[in-house]
Amino acid sequence: MIDTTVLIENVLNALAAGITIGCIYGLMCVGLGLIFGIMKVVNFAQGELLMLGMYVVVYLFSVWGLLAFLGPYYGPFVAALAAGPVLFVGGSLLHKFLISRVSGLRTSGSLDEGHFGQLIITLGVSLILQNGGLIVFGSTPVGVRTPLSSRAWEFIPSEAWDVSVFFNKARTISAGVAIVVAILLYVLLEYTRLGKSLRAAADNPTAASYMGIDVEKAHRTAFGIGAGITAIAGGLIATYLSFTPFVGVDFVIIMYSGVVLGGMGSIMGAFWGGLTVGFVQQFSALVLPPQLQNAAIFVVFLMILLLRPQGLFGRSAERA
Amino acid sequence: MEIQGLTVAYGGLVALRDVSITVGEGQFVTVVGPNGAGKSTLFKTISGSVPARGGDIRFFGESLLTMPVARRAHLGIAHVPEGRQVFKSLTVRENLEMGAYTEAGRKNWEASLKRIHMLFPILEERALQLAGTLSGGEQQMVAIGRGLASAPRLLMLDEPSMGLAPAITDLIFERISQIHREDGVTILLVEQRVAEALELSDHGYVLETGSVVMDGSYRTLMQDDRVRRAYLGIGEE
């Protein structure tokens, strides 16, 4: 009897952790979904953009303390949102000086659509950022101290059982912020003129230029937004996890599996993909040792793709 | 629009040599010629995706060659490219909205949309469908509609009949002619269906291996033996 109660409690708590962490992963995947899924740019430095987002929070909040006046409750979340614009600028510059040379109009119609060049350049950028991070930030794990990281809301589903579900406060608020940011991006892309022009420029750069869309600028903007979104997710993760400059390596794989799982080219799909990955990760912790959590992600990843090769939300725009 | 002495080359390969073409306001001008004559290159040079090596293109007095690609659409040049090139992952309506990206297009959006739906009723039915899921003919209609949505001063159509069934081609030609007659849009057409295309136009140019070899009205060209033999398959051998 006691065993059943414990089991139910564990499952419900894994569910709670899965949803909250999943939403943050969802946002992280949305950033890559824009860059890789929609714009078709292979970016292996996405994990490092996430890492930079995390350090932006650390610097704004703890090291320089620019946002410390907001207090330990709001400060870290405001700092996480601020990481967005910072990495938007960083991402735009990265695109302007490097990525634009191996993507967009320059490679449209070429054999590999610039993917080989993108692979090598972004892997290089990734290594530079990791090791540059090591020089600048050091190898000591850091985190953002907010009292919310170690507090939780307790939720008791029923008086009849002796079961409580805990929602970690830092993660839950982060999940809320992640959902709001993801919805804002979705609305921007689907319903605004800017968003539609970004999608058009990604879909067919040559035709977009005939429409009078400045394709270079559109690609730069989309890349910057994708970088900024992932950086915000990184900032949110920083509120409950301590990290080093190599943290991106763990997350970049999660991001790619989330984007592919959700279906290429769909922002909503990328979010659900990330959510699924978060879920699987937390649930596998019930039965598997922590080292095998990422393996569990890939087992589920492969199973879903076996059944639905186009991803959960993938839709083929080509006529069959 | 006036094109003077235009020369274009890809690497060492000359695609256009000293080409001069004039398109008057409100005119319907057709460029015909075999594959590889440089017809598409001509269009790409006008809309700016291919740079020119020499010569000049003036559009309402302004020189286009030094102008960035994206600016040219804002001047009122609509390019309906070869192979349609619709935005496959966008809906039909979104494709038309992107056509109206220019200022003129936005100002006239309501009227243009109504007109496009009148010319191609199927596009209203399919408004929310992804353009990539349409048939070739429907995609061609989207491409032409997208061009019209910019409220253009010059509509350039590159082989709108390519890959389409004869019945659809006839319909497309009929609509292009309507756009010219009823909306007074200046049209520059490139076609391999020489007879049909020339019949619609005020003036025709024959382009062969990068040079204009002949030009004239429909009647002049149709009476020329070389044109008849080479493009229409008629005339005595």
Using the Karplus curve 6.51 cos²θ - 1.76 cosθ + 1.60 with θ = phi - 60°, what ³J(HN,Hα) values do you get for each residue of region A:229-237, in whole Hz, with x for Gly and Pro? 5, 5, 5, 4, 4, x, x, 5, 5
Please give the average number of partner chain Cβ atoms lying within 10 Å of the Cβ of each residue in B:92-98, rounded to a whole number. 4
Between B:Gln223 and B:Ser211, what is the spin-label point distance in nm, taking each point 7 Å from the Cα along the Cα→C-beta axis? 2.6
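Between A:Phe97 and A:Gln291, take the C-beta separation as r, use R0 = 45 Å, and let me know the FRET efficiency to the nearest 0.05. Don't skip to the end; give the middle numbers.
Numbers: r = 39 Å, r/R0 = 0.87.
Calculated value: 0.70.
Hey, could you grab the Kirkwood Rh for region A:28-81? Inverse mean 1/r over distinct alpha carbon pairs, Å, one decimal.
12.3
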Taking the Cα centre of region A:4-246 as origin, sum charge times position over the Cβ atoms of Lys and Arg (+1) and Asp and Glu (-1), and report the length of that vector in debye to the nearest 20. 640
If we sort A:77-89, A:49-61 on the protection proxy, mean other Cβ atoms within 10 Å, highest first, what's the order? A:49-61, A:77-89
Phi-based couplings in Hz for region A:244-257 (Karplus 6.51, -1.76, 1.60; Gly and Pro marked x): 10, x, 9, 4, x, 4, 5, 8, 5, 5, 4, 5, 5, 5
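When DSSP beta bridges are limited to those with both residues in the protein assembly as shown, what percentage is antiparallel, rounded to the nearest 5?
Working: 23 of 41 bridges.
Roughly 55 percent of the DSSP beta bridges within the protein assembly as shown come out antiparallel.
Per-residue ellipticity at 222 nm for chain A, helices alone: DSSP H runs ≥ 4 residues times -39500 (n - 2.57), over residue total, nearest 500 deg cm²/dmol? Please list the in-between numbers first.
Details: 11 runs with 208 residues, N = 320.
Rounded to the nearest 500, it is -22000 deg cm²/dmol.
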Which far-off residues, 5 or more places away or on another chain, put their amide H under 5 Å from the one on B:Val212, with H placed in the peptide plane? B:Ser20
Lys and Arg at +1, Asp and Glu at -1: neighbours of A:Leu119 with Cβ under 14 Å from its Cβ sum to 0
Could you please put A:Phe97, A:Phe223 in sequence from largest to smallest accessible area, using a 1.4 Å probe? A:Phe97, A:Phe223
Accessible surface, 1.4 Å probe, highest first, among residues B:Trp109, A:Trp161, A:Trp64: A:Trp64, A:Trp161, B:Trp109
Please list A:Thr192, A:Thr140, B:Thr45 from largest to smallest accessible area, probe radius 1.4 Å, with all protein chains kept in place. A:Thr140, A:Thr192, B:Thr45
Just the number: Rg to Rh for region A:179-250, Cα atoms, Kirkwood Rh, two decimals. 1.12
With Cβ to Cβ distances under 11 Å as the rule, what net charge do the other residues near B:Ser112 carry (K, R +1; D, E -1)? +2
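Can you give the calculated 222 nm mean residue ellipticity of chain B, where each DSSP H run of n ≥ 4 adds -39,500 (n - 2.57) and the sum is split over every residue, rounded to the nearest 500 deg cm²/dmol?
Values: 10 runs with 89 residues, N = 237.
It comes out at -10500 deg cm²/dmol, rounded to the nearest 500.
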Using alpha carbon positions and the Kirkwood radius, the Rg to Rh ratio of region B:46-149 is 1.02
Pop a pseudo-label 7 angstrom from the Cα along the beta-carbon direction at both A:Asp250 and B:Gln27 and give the gap in nm to one decimal. 7.0
Please turn the phi angles of region A:61-78 into ³J(HN,Hα) values with the Karplus equation 6.51 cos²θ - 1.76 cosθ + 1.60 (θ = phi - 60°), one per residue in order, whole Hz, x for glycine and proline. 8, 9, 5, 8, x, 4, 9, 5, 5, 6, x, x, 8, 7, x, x, 6, 5
Accessible surface of B:Ile122 - all protein chains present, 1.4 Å probe, nearest 10 Å²: 40
In degrees, nearest 10, range 0 to 90: what is the angle between the Cα axis of helix A:193-203 and the longest Cα principal axis of chain A? 70
Kirkwood Rh in Å, taken over the protein assembly as shown so that all alpha-carbon pairs contribute: 26.2
Rg to Rh quotient for region A:4-246, alpha carbon positions, Kirkwood Rh: 1.05
Counting only residues 5 or more places away or on other chains, whose amide H sits under 5 Å from the amide H of A:Ala152 once H atoms are built in the peptide plane? A:Lys169
Separation in nanometres of the label points that stand 7 Å from Cα toward Cβ, at A:Arg308 and B:Leu13: 4.5
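Please compare each pair in A:Lys40/A:Lys169; A:Lys96/B:Lys114; A:Lys40/B:Lys44; B:Lys44/B:Lys88; B:Lys88/B:Lys114 to a cut-off of 30 Å on the Cα-Cα distance and tell me which ones are over it.
Working: A:Lys40/A:Lys169 36 Å; A:Lys96/B:Lys114 40 Å; A:Lys40/B:Lys44 25 Å; B:Lys44/B:Lys88 21 Å; B:Lys88/B:Lys114 22 Å.
As for pairs spanning more than 30 Å Cα to Cα, those are A:Lys40/A:Lys169; A:Lys96/B:Lys114.
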To make sure I understand the rule: partners must be lysines, Cα under 20 Å from the Cα of B:Lys107, and not fewer than 8 residues away in the same chain. Which ones qualify? A:Lys196
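The values are calculated or read from the model by the stated rules, or taken from the named source; none is laboratory data. On a predicted model such as this, the values are computed, not experimentally measured, just so you know. In this analysis, Cβ positions are derived from the backbone assuming ideal geometry, glycine residues included, and neighbour counts consider all displayed protein chains. The area values use the complete protein model at the heavy-atom level, side chains included, leaving out ligands, DNA and RNA. Shrake-Rupley method; radii C 1.70, N 1.55, O 1.52, S 1.80 Å.
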